[in-house]
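Okay, so here's the structure we're looking at.
The values are calculated or read from the model by the stated rules, or taken from the named source; none is laboratory data. Everything numeric here is computed off the predicted structure, so don't read it as measured data. Here the Cβ positions follow ideal geometry from the backbone for every residue, glycine too, while neighbour counts run over all protein chains shown.
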Amino acid sequence: MLRNSINTFISKIKGEEFVLDTEIPLNYFLGILFNRLIMMIRGMCIFKKKYIFIGRNSTIKCKHKLHIKKNVKIGNDCYIDALSIDGIQIGSNVNIGKYCSIEATGSLTNIGKGLVIGDGVGLNSNCFLGCAGGIEIGKDTIIGELVTMHSENHNFSDINVVIKKQGINRKGIKIGSGCWIGAKVTVLDGAEIGNGCVIAAGSVVIAGKYDDNGIYGGVPAKLLKSRGVSKDV
């Protein structure tokens, strides 16, 4: 009976069916629920909204530029600075893992564009998103641990001027819906990853277009095969 009540309650919050694995002890899960309650209270204090869960020791700067829908979890020890032209928009049912860092602006002399995260995105622990040039992540995309995204580049063509004084250029990063970005992937400015793509762990995705449903891997990442043609790797 208690399991059914838990499933019903969480399904209502998420807006989709949730069924707790029967192998999970109830006392273990009740401990998680208590922790979520503390996180929700912390979220209500910061955003004055229900169902925003904020972990301990997390820092959120320029919060008026951070627009969050419901059932969003921001893990412990995260750093989010939303200072940017368009701010940071986070959809519903988004999970941002512990120790993640999101910076929308890298320089106070040239503020960044910002970040859009679609519904149902999962961002695992220890990721870094540099959003100065703008980053868009489509709904239901999952992102592994230690993924980094850098949406701007330093200019360096003039050998008579130190690189840090030559300014920057920005194209932005776009990641489609339903993608799987593997652990330790680096995504560089100008990359446009299509819907349903898989990026193998440790790959470097450079500027360019990556077609829908492609499986990419390597340094730099290249097409290995397409999903649906043969068995997944």
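Anything in the range 131-163 that is in contact with a strand residue (DSSP E or B) (Cβ under 7 Å, 6 or more places away or on another chain) and either charged (D, E, K, R) or assigned to a strand (DSSP E or B) (or both)? List them, or say none.
ILE135, GLU136, ILE137, ILE142, ILE143, THR148, MET149, HIS150, GLU152, ASN153, HIS154
Picking from GLY134, GLY43, which residue would you name as being crowded, with 21+ Cβ neighbours inside 10 Å, in contact (Cβ under 8 Å) with a residue 40 or more places away in the chain and of a type outside the set (A, V, I, L, M)? Don't jump to the end; show me each part of the working.
Details: GLY43 fails: in contact (Cβ under 8 Å) with a residue 40 or more places away in the chain.
The conditions single out GLY134.
Among what's in the range 27-54 and is β-branched (Val, Ile, Thr) and touching a helix residue (DSSP H, G or I) at 6+ places or on another chain (Cβ under 6 Å), pick the residue that is nearest to SER92 (Cα to Cα).
Taking the range 27-54 first, the residues β-branched (Val, Ile, Thr) are 32, 38, 41, 46, 52, 54.
So of that shortlist, the ones also touching a helix residue (DSSP H, G or I) at 6+ places or on another chain (Cβ under 6 Å) come out as 52, 54.
Working: ILE52: 10, ILE54: 14 Å.
Among those that are β-branched (Val, Ile, Thr) and touching a helix residue (DSSP H, G or I) at 6+ places or on another chain (Cβ under 6 Å), it is ILE52.
So in the range 185-209, with the set limited to residues that are surrounded by fewer than 21 Cβ atoms within 10 Å (Cβ to Cβ) and in contact with a Ser or Thr (Cβ under 6 Å, 6 or more places away or on another chain), which one is farthest from ASP140 (Cα to Cα)?
VAL204
Six or more apart or on different chains, Cβ under 9 Å: which pairs go from a residue in the range 7-30 that's within 21 Å of ILE52 (Cβ to Cβ) to one that's of a type in the set (Gly, Ala, Ser) and modelled with pLDDT of 80 or more? Could you list them?
Short answer, once both residue conditions are applied: LYS14/SER92; GLY15/SER92; GLU16/GLY120; PHE18/SER11.
Within the range 89-130, how many residues are farther than 18 Å from ASN71 by Cβ and not in a loop (DSSP other than H, G, I, E, B)?
Total meeting the criteria: 7.
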